[in-house]
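Asks: Below is the structure I would like to discuss, written out as structure tokens.
Any read-out appearing in this document is the output of simple, stated calculations on the displayed coordinates, not a laboratory observation. From a predicted model like this one, the values you see are computed outputs, not experimental measurements. Glycine gets a Cβ as well: all are built from the backbone with ideal geometry, and neighbour counts include every protein chain shown.
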Amino acid sequence: MKRVVITGQGTINALGTNVPETLEAMREGKCGIGPLEIRDVDRLAIQIGGQVKGYDPDSEFNRQQIALYDRFTQFTLLSAREAIAQSGLSFEGDLAARSGVVLGNSGGGMNTLDDNYRTVYEDGKNRVHPFVVPKLMNNAAASHVSMEFNLKGPTFTVATACASSNHAMGQAFYFIRSGMAEVMITGGSEAMLCFGGVKAWEGLRVMSKDACRPFSANRNGMVQGEGAAIFVFEEYEHAKARGAEIIAEVIGFAMTSDAADIVMPSKQNAARTMTLAMKDARIRPEEVGYINAHGTGTAANDKTECAAVADALGHHANDLMISSTKSMHGHLIGGTGAVELLACTMALKDGIVAPTIGYEEPDPECALDVVPNVAREARVDVVLSNAFAFGGLNAVLALRRV
Amino acid sequence: MAESVKDQVIAIIAEQAVLEPGDVKLDSTLEDLGIDSLGLVESIFAIEEAFDISVPFNANEPEQSEFDISSVAAIITAVEGLVAEQSGS
């Protein structure tokens with residue numbers, strides 16, 4: 001089996017327009033959640049989100065590109081440019097043929113859908129722009145990355161709600177580990193902060209009107225975010241031979257299904273997935289220094305996840321750190337695992353563990369070290385990154401310091 | 001003649017619980033009736049639509065919501081209050 005390392009990372013999200021800004025915000029425990037600036041926000045019951053602000057598509061893309069790139073594709077391309085530039089790779093000949101793109105995304109071009117439904121239903125028009133379909137399809141981002149960087153290997157999009165990015169990165173890891181691919185561009189994106197996207201979530205009555213406070217006894221729900229994070233996964237010998245800077249090693253992955261309930265999480269299966277990821281990575285629970293939690297800030301997720309961590313890691317659960325960065329950037333749904341992986345690589349590479357901000361009151365059902373409010377310096381050798389999606393789909397990654 | 005709030009709420013809960021309205025007792029809890037968290041948010045949605053009201057309810061803190069869901073009778077009282085408060089708005 002081949003070893004898999006990360007040689008590039010890029011992002012745009014509510015905390016920053018690139019990786020350095022995002023990591024600085026995570027170190028500072030900055031909150032990217034604020035009042036939504038979207039059309040018809042006055043008709044929403046939930047008016048906050050982790051929105052990317054001060055971003056001007058016209059300064060990044062030309063008119064022809066914007067006609068084809070939904071906001072989730074724009075976020076993906078900006079992140080991919082940063083990640084691939086850092087890796088120093090260019091894709092020609094055999095390397096291009098053996099390199100692909102697998103991305104996580106849940107909603108596809110939600111802004112494109114919203115805008116065009118308005119056109120036909122609200123404005124009563126009978127004509128839409130010819131590019132609506134290629135713009136909104138949720139593989140559009142993966143395809144545009146493949147086109148911009150000449151990636152001709154396996155390329156597709158994974159949609160497993162809140163676990164999409166973890167599932168995608170797990171596939172990228174498998175492709176390289178098995179020898180099917182040399183380099184995979186992976187991660188995910190989401191741009192669901194439009195009227196229809198927020199209105200749909202409102203219906204479930206699990207959203208907070210004021211803040212995302214994971215693990216805190218007074219938590220009152222999740223807050224949506226938007227953005228992307230993209231990583232360059234590369235076969236270790238290939239990276240070493242060209243003298244690439246290695247950010248971290250991906251050492252294991254596991255995925256399971258609860259086969260039980262469409263929205264309620266399962267402690268038993270969350271624990272089983274973490275155990276399988278550790279087994280795949282050939283590590284013992286005692287080696288895990290940090291877990292990036294799914295940590296949505298809902299009553300149901302956080303207590304279930306903490307109980308699952310206690311089950312999967314045993315006594316060591318009390319000695320490790322676990323935090324939810326959703327408190328800062330919000331829940332990016334299909335893109336969330338990717339942005340959260342940045343907190344994992346920061347812990348491994350820089351020895352800084354991102355905090356769970358907004359933490360106000362201890363909850364006896366979440367009695368772990370959740371790194372409340374302030375980032376912490378610590379040497380971390382192994383991390384897990386959890387994602388437990390609606391639909392009962394679980395995906396956990398394991399990474400190691402290099 | 002218009003149905004009373006009580007009868008309409010009971011009809012909504014009965015439909016969600018797959019019971020006859022006559023089998024929904026005023027002192028029943030939603031749990032007694034086999035209504036889970038998804039069934040609850042669906043019932044609240046049906047109540048909002050039936051009475052054209054907005055029900056303040058967050059599934060993360062049901063006990064802190066102004067909307068009392070502790071029994072069928074409590075829900076009827078809460079809906080009557082909201083209808084009185086929000087009618088004509």
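Asks: Pick from B:Ala59, B:Ala17, B:Ala46 the residue whose mean-square fluctuation is largest in a GNM of chain B, springs joining Cα atoms under 10 Å.
Replies: Most flexible of the set in this elastic network: B:Ala59.
Asks: Looking at the protein assembly as shown, I'd like the Rg to Rh ratio, where Rg is from alpha-carbon atoms and Rh is Kirkwood's inverse mean 1/r.
Replies: 1.00
Asks: Determine the calculated [θ] at 222 nm for chain A from helices alone, applying -39500 (n - 2.57) to every DSSP H run no shorter than 4 residues and normalising by the residue count; nearest 500 deg cm²/dmol.
Replies: Calculated from helices alone, the mean residue ellipticity at 222 nm is -10500 deg cm²/dmol.
Asks: Give the percent of DSSP beta bridges with both residues in segment A:252-400 that are antiparallel, rounded to the nearest 5.
Replies: 65
Asks: Would you pull out the residues with amide H under 5 Å of A:Gly252's amide H, same chain only if 5 or more places away, H placed 1.01 Å from N?
Replies: A:Ala398
Asks: For the protein assembly as shown, give the share of DSSP beta bridges that are antiparallel, in percent and rounded to the nearest 5; count only bridges with both residues there.
Replies: Percentage antiparallel, nearest 5: 65.
Asks: Considering only C-alpha atoms, what is the centroid distance from segment A:1-70 to segment B:22-44, in Å?
Replies: Between the Cα centre of segment A:1-70 and that of segment B:22-44, the gap is 41 Å.
Asks: Sticking with this structure for a sec: With springs only between Cα atoms under 10 Å, which of A:Gly334, A:Gly50, A:Gly93 fluctuates most in a Gaussian network model of chain A?
Replies: A:Gly93
Asks: What residue among A:Asn105, A:Asn318, A:Asn13 has the largest mean-square fluctuation in a Gaussian network model of chain A, using Cα springs under 10 Å?
Replies: With Cα springs under 10 Å in chain A, the top fluctuation among A:Asn105, A:Asn318, A:Asn13 is at A:Asn318.
Asks: Take the residue pairs A:Lys30/A:Lys53; A:Lys53/A:Lys209; A:Lys53/A:Lys303; A:Lys30/A:Lys209; A:Lys267/A:Lys326; A:Lys209/A:Lys267 and return only those whose Cα atoms are more than 23 Å apart.
Replies: Cα-Cα > 23 Å for A:Lys53/A:Lys303; A:Lys209/A:Lys267; rest within.
Asks: Out of all DSSP beta bridges in segment A:4-241, what portion is antiparallel? Express it as a percent rounded to 5.
Replies: Expressed as a percentage, antiparallel bridges in segment A:4-241 total about 60.
Asks: Go through segment A:41-56 residue by residue and turn each phi into a ³J(HN,Hα) via Karplus (6.51, -1.76, 1.60, θ = phi - 60°); whole Hz please, and just put x for glycine and proline.
Replies: 3J(HN,Hα) across segment A:41-56, in whole Hz: 4, 5, 8, 9, 7, 9, 10, 10, x, x, 8, 6, 10, x, 9, 10.
Asks: Next question, about the same structure. How high is the relative contact order of chain A, in percent, with contacts defined as C-alpha pairs under 8 Å that are six or more residues apart?
Replies: Relative CO of chain A lands at 24 percent.
Asks: Could you please state, rounded to a whole Å, how far the C-alpha centre of segment A:263-302 is from the C-alpha centre of segment A:319-339?
Replies: 13
Asks: A further question on this structure: For chain B, what is the relative contact order in percent, using Cα pairs closer than 8 Å and at least 6 residues apart in sequence? Before the final figure, lay out each step's value.
Replies: Values: 76 pairs, mean separation 27.4, N = 89.
Once divided by the residue count of chain B, the mean separation gives 31 percent.
Asks: If segment A:12-168 were replaced by its equivalent ellipsoid, with semi-axes equal to the square roots of 5 times the Cα gyration tensor eigenvalues, what would those be, largest first, whole Å? Show your work: numbers first, answer last.
Replies: Values: eigenvalues 151, 104, 42 Å².
Working from the Cα gyration tensor, I get semi-axes of 28, 23, 14 Å.
Asks: Another question, if that's okay. Using only atoms on other chains, find how many Cβ atoms lie within 10 Å of each Cβ of peptide A:200-211 and report the average.
Replies: Mean shielding by partner chains, rounded to a whole number: 3.
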